[in-house]
Amino acid sequence: MQVGFKSDKGLKRSNNEDACFVLLPDKVYVVADGVGGGNAGEIASRTAVSEIANYVVEHPIANMTNKYAIVNYLQSCLDEANSKIFRMANTYKENTGMATTAVIVYAAFGKVFITNVGDSRVYLYRGGQLVQLTEDHTYVNTLVKAGILSKEEAEVDERKNVITKALGAEPTVEPDFFQVEIMKDDIFIICTDGLYDEVENPEIVQVLSKNQSMSDVCTELINRANTNGGRDNITIISLKVTEEDIYEQ
């Protein structure tokens, strides 16, 4: 797996409430986007990625030998992080209301396993097409699914960043899970809303079609997000599938 990752606070924010973590030997990749007043969002996102990383280190994911075990494992990762953030939010006054999105991607057995909470996303670029794999846990997406708003209306709705699920918001967490069979040269983009709110899909495709290194992909996408406004923090992990990844057990 070719890997690139980068985080940038953007042009309008004074601090970076995004966080990411890459566990290369374990093929686990994590992105989080914190919410909350003061430094609370920053604390929430960093707590999430560190708790997930610690769980992976202490409980080797390679011991999970089927998809059911992997799903339970990823749920446990999020449960641990959720409990810690929820406890912190309800113990310290300055952390009241803090929470964070989270996405975990794990590559194994010729597949990518994904779990997410909130509106940070995973995209798949394959054969010149960009597809969003995750589903946003947002108020406007709920309205879209109910047929109340169109996708076009949702994109300009002022409530589009109101999330309906997050780590630390409730005592328990109910994430979504996805599984994708991988193909050589697939590119997976794991990102916070600071990317997709500023850079539309055709522009992302333009960058991904250039056959750059994954590090250069992250750099160019962040530069474009900032050129287009940079109104939020931007965090990206990019993964490109090699032939070895497909046959590796």
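The values are calculated or read from the model by the stated rules, or taken from the named source; none is laboratory data. Keep in mind it's a predicted model, so treat the numbers as computed, not measured. Using ideal geometry, Cβ is built from the backbone for each residue, glycine included, and neighbour counts are taken over all protein chains shown.
Before moving on, here are some points about what is shown:
- Residue within the stretch 33-40 that is acidic (Asp, Glu) and without any contact (Cβ under 8 Å) to a residue 40 or more places away in the chain present: no
- Identity of the residue in the stretch 51-75, under 16 Å from THR115 (Cα atoms) and charged (D, E, K, R), that ends up surrounded by the fewest Cβ atoms within 10 Å (Cβ to Cβ): LYS67
- Taking the criterion of being in a loop (DSSP other than H, G, I, E, B), farther than 23 Å from ALA102 by Cα and either acidic (Asp, Glu) or touching a helix residue (DSSP H, G or I) at 6+ places or on another chain (Cβ under 9 Å) (or both), the residues of the stretch 214-249 that qualify are ASN228, GLU248.
- Qualifying residue in the stretch 2-20 (condition: within 27 Å of SER213 (Cβ to Cβ), acidic (Asp, Glu) and surrounded by fewer than 20 Cβ atoms within 10 Å (Cβ to Cβ)): no
- In this structure, GLU158 does satisfy being farther than 29 Å from LYS111 by Cα and exposed (fewer than 14 other Cβ atoms within 10 Å of the Cβ).
- Checking the stated criteria, GLU170 turns out to be in a loop (DSSP other than H, G, I, E, B), of a type outside the set (Val, Ile, Thr) and under 19 Å from ALA44 (Cα atoms).
- Residue in the stretch 121-140 that is assigned to a helix (DSSP H, G or I) and not polar (S, T, N, Q) present: yes
- From the list VAL35, VAL31, the one residue that fits, being under 27 Å from VAL199 (Cα atoms), at pLDDT below 95, surrounded by 20 or more Cβ atoms within 10 Å (Cβ to Cβ) and within 18 Å of the chain's Cα centre (by Cα), is VAL35.
- Cross-chain or 6+ apart pairs with Cβ under 7 Å, the stretch 77-106 first and in contact (Cβ under 8 Å) with a residue 12 or more places away in the chain and among the charged types (D, E, K, R), then buried (at least 18 other Cβ atoms within 10 Å of the Cβ) and not in a helix (DSSP H, G or I): ASP79/VAL173
- Here GLY118 passes the criteria (1) at pLDDT 95 or above; (2) out of contact with any Asp or Glu (no Cβ under 8 Å at 6 or more places or on another chain) except the one numbered (2).
- Pairs meeting the criteria (first residue in the stretch 229-247 and modelled with pLDDT under 95, second residue in a strand (DSSP E or B), beta carbons under 6 Å, at least 6 apart or on different chains) are lacking.
Listed here are the residues, each with its yes/no results for (1) surrounded by 16 or more Cβ atoms within 10 Å (Cβ to Cβ); (2) under 19 Å from ASP33 (Cα atoms).
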| residue | (1), (2) |
| --- | --- |
| THR138 | yes, yes |
| ASN141 | yes, yes |
| LEU149 | yes, no |
| ALA154 | yes, no |
| ILE163 | yes, yes |
| ALA169 | yes, yes |
| THR172 | no, yes |
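- Count of the stretch 109-120 residues, restricted to those that are assigned to a strand (DSSP E or B) and surrounded by 20 or more Cβ atoms within 10 Å (Cβ to Cβ), is 6.
- Residue satisfying condition, being at pLDDT below 95 and either part of a helix (DSSP H, G or I) or in contact with an Asp or Glu (Cβ under 9 Å, 6 or more places away or on another chain) (or both), within set GLU80, GLU51, GLU94: GLU94
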